[in-house]
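No value in this document is a laboratory result; all are computed from the given coordinates. These figures come from a predicted structure and were not determined experimentally. When we count neighbours, we look across all protein chains shown, and the Cβ atoms used for this are built from the backbone with ideal geometry, even at glycine.
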Amino acid sequence: MATVVVVGSQWGDEGKGKITDMISKKADLVVRYQGGNNAGHTVVVGEREFKLHLIPSGILYPDVSCVIANGVVVDPAVLKEEMDYLLDRGVEIKDFHISNQAHVIMPYHRVLDQAEEARKNDGKIGTTGKGIGPVYMDKIGRFGIRMGDLLDKELLREKLESILSLKNMILDKVYGAETFDIDELWTEYLEYGQKLAPFITDTSYLVNEALAKGKNVLFEGAQGTLLDIDHGTYPYVTSSNPTAGGVCTGVGVGPTKIDSVLGVVKAYTTRVGEGPFPTELTGEQGEWLREKGGEFGTTTGRPRRCGWFDATIVKYARRINGLTSIAVTKLDVLDGMEKIKMCTSYKYQGEVLTEFPVNQQVLAECEPIYEEFAGWEENTSQIREYENLPENAKLYLDRLSELVDCKVSILSVGPKRSETMVLDKFIE
Ligand code: IMP
């Protein structure tokens, strides 16, 4: 398989956890390149369910090396908790590496994230409240603390002195929020540094060494294309680059090292948080998808907004990420629906738009143009061969693939590892 990027091709929550888990089996290295514990992956192994937020799902395979690269933002408290959660369940954490350049989510980032959302009130983004926006702001503002800094007592003190004087002023005077004591933070974060020290390293070197040896590397994206800070539905986005381009800067590997990009798409569409969603179903059908698809956030537990599959979105994702194929997930959730719709383009002020509009004002006014499909009664989660799918399911998938102009290489019909069809051998 050489190197493959797995990227969310809608608004996140496409079921990347299961797909990355499946490809991880073939990988030597699994690398996360952006985002933080705003992500949530559910992986089902046999009868056991694992919920991961930060550590790559490759950790569930004993021979796979896992990397949290420089583009990721790390909340050490959450990381420690996740490591303990895995250890408690008998998962060994040995070949695991964290970039010394990854930025640290500090408690003031979490407070600022939540305080800013509260201040925005009706105009809020609907963030996960994990401090993601504020930590990336500090990174770009050159105000950040990096994982490597947790290993240097004096440097950490110096940085905290300078940063906290400003943060406390903002917390107190702007938001009327709690402030932080430097001694407490210093002690707590030095302790994290000591505990995590064996894992902190130059991960760009490590990944490039593996690439030079011809190892199989999986770059695991979190969130999705429409949540990308540059290419997503701004401002209703996250603060990193989940798109495939994020791998190069988020890991420190050149674009020439990437062989294929697999876009993960749900057989319908969901979105968490605020912002326009043209194919959203607010009535009974939306409720059906939410209940049957278990569409509640892994990280926040929030109900996800649900709607029909939107081909303009995935076509856009193909363009932005250079997708080489797609993995369609949760087809089984559509089992038993009498009619299924798929959005092919939009109507905007009397005109037909065939390309996804990046302007939010335009998107908010877009009306979906649908093609309607007859549903199927059969339970597809029992099926293991594409040929055995109900005829109507095949018609739906074939049209989906045609509209987004990308072949389907994986089809997922349930949460279990076994409930999957590999239609293309690129991952073998
Ligand atoms: P933040 O990443 O917490 O700043 O949230 C910004 C936006 O991204 C909000 O709309 C969140 O709901 C959304 N978001 C962040 N992470 C995820 C995810 O893993 N899945 C789906 N939506 C996400």
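Would you kindly give the portion of the calculated P(r) for segment 97-249 that falls above 21 Å, as a percent of all Cα pairs? Kindly include the intermediate steps, with their values, before the conclusion.
Working: 6212 of 11628 pairs.
Everything past 21 Å amounts to 53 percent.
With labels modelled as points extended 7 Å from the Cα through the Cβ direction, what inter-label distance (nm, one decimal) is found for I182 paired with D230?
So the label points at I182 and D230 sit 3.8 nm apart.
Report the label-to-label distance for E280 and K124 in nanometres (one decimal), using points 7 Å from each Cα along the Cα→Cβ vector.
My value for the distance between the label points is 1.5 nm.
What is the sum of charges, Lys and Arg at +1 and Asp and Glu at -1, for the other residues whose Cβ falls under 9 Å from the Cβ of C306? Present the calculation step by step, with values, prior to reporting the outcome.
Working: positive: R271, R290, R304, R305; negative: E280, E287, E295.
It works out to a net charge of +1.
In segment 87-122, whose amide N lies under 20 Å from the spot 7 Å out along Cα-to-Cβ of L190? List them in ranges.
Only 104-108 fall inside the zone, counting backbone N under 20 Å.
Looking at the chain as a GNM with Cα springs under 10 Å, which of G275, G254, G129 has the largest mean-square fluctuation?
Result for the chain, Cα springs under 10 Å: G254 fluctuates most.
Tell me what the chain gives for mean residue ellipticity at 222 nm when only DSSP H runs of n ≥ 4 count, each as -39,500 (n - 2.57), the sum divided by the residue total, rounded to 500 deg cm²/dmol. List each step's numbers first, then the result.
Working: 11 runs with 127 residues, N = 428.
Rounded to the nearest 500, the figure is -9000 deg cm²/dmol.
What ranking of D202, D122, D405 emerges when the number of other C-beta atoms within 10 Å of each C-beta is taken as an exposure proxy, fewest first?
Numbers: D202 15, D122 5, D405 12.
Listing D202, D122, D405 from fewest to most nearby Cβ atoms yields D122, D405, D202.
Looking at the chain, I'd like the Rg to Rh ratio, where Rg is from alpha-carbon atoms and Rh is Kirkwood's inverse mean 1/r.
Numbers: Rg = 21.6 Å, Rh = 22.2 Å.
Reported Rg/Rh, Kirkwood definition of Rh: 0.97.
Below 13 Å, Cα to Cα, which aspartates and glutamates can K257 reach? Residues fewer than 8 away in the same chain don't count.
Output for K257: E209.
Checking the table K292/K407; K266/K407; K215/K416 against a 19 Å threshold on Cα-Cα, which pairs fail?
On the way: K292/K407 26 Å; K266/K407 15 Å; K215/K416 27 Å.
In this structure, K292/K407; K215/K416 exceed 19 Å between Cα atoms.
Given Cβ point charges of +1 (Lys, Arg) and -1 (Asp, Glu) and nothing else, what value in debye, to the nearest 20, does the dipole of segment 114-179 about its Cα centre take? Don't skip to the end; give the middle numbers.
Numbers: 12 positive and 11 negative charges, 35 e Å.
For this selection, approximately 160 debye.
Kindly put S240, S204, S65 in sequence by how many other C-beta atoms sit within 10 Å of each C-beta, fewest to most. Show your work: numbers first, answer last.
Working: S240 29, S204 18, S65 22.
Going from sparsest to densest Cβ surroundings: S204, S65, S240.
At most 15 other Cβ atoms within 10 Å and a DSSP loop assignment: could you name the trypsin sites (Lys or Arg not before Pro) in segment 142-210 that fit? Working shown, then result.
On the way: sites: R142, R146, K153, R157, K159, K167, K173, K195; in loops: R142.
Qualifying residues, ordered by number: R142.
May I have the pair-distance distribution P(r) for segment 32-88, computed from all Cα-Cα distances with 10 Å bins from 0 and rounded to whole percent?
In whole percents, the pair-distance histogram is 22, 59, 18, 1.
Can you check what the net charge comes to around E14, using other residues whose Cβ is under 9 Å from the Cβ of E14 (Lys, Arg +1; Asp, Glu -1)?
Details: positive: K16, K266, K330; negative: D13.
My count for the surroundings of E14 gives +2.
Efficiency by 1/(1 + (r/R0)^6): what FRET value for E355 and K215, r their Cβ-Cβ distance, R0 = 41 Å, to the nearest 0.05? It would help to have the intermediate numbers written out before the result.
Numbers: r = 38 Å, r/R0 = 0.92.
Efficiency for this residue pair is about 0.60.
Can you give me the C-alpha center-to-center distance between segment 94-156 and segment 333-390, rounded to a whole angstrom?
37
Output the relative contact order of the chain, whole-number percent, from Cα pairs under 8 angstrom with separation of 6+ residues. Don't jump to the answer; show the numbers that get you there.
On the way: 938 pairs, mean separation 85.7, N = 428.
RCO, the chain: 20 percent.
Suppose each label sits 7 Å from its Cα in the direction of the beta carbon; what would the D398-D84 distance come out to in nanometres?
Here the modelled spin labels are 5.5 nm apart.
Placing +1 at every Lys and Arg Cβ and -1 at every Asp and Glu Cβ, with all other atoms neutral, what dipole size does segment 386-428 have around its Cα centre, in debye to the nearest 20?
Working: 6 positive and 8 negative charges, 38 e Å.
In total the dipole reaches around 180 debye.
Going by average Cβ density within 10 Å per residue, which order do the peptides 108-117, 183-192 take, highest to lowest? Write out the running numbers ahead of the final one.
Working: 108-117: 20.7, 183-192: 14.7.
Result, highest mean first: 108-117, 183-192.
Lysine pairs in segment 103-196 with alpha-carbon atoms under 24 Å apart, 8 or more places apart or on different chains: how many are there?
Taking segment 103-196 as the scope, the lysine pair count is 22.
Which FRET efficiency, nearest 0.05, do E365 and T249 yield, Cβ-Cβ r, R0 45 Å?
Efficiency for this residue pair is about 0.85.
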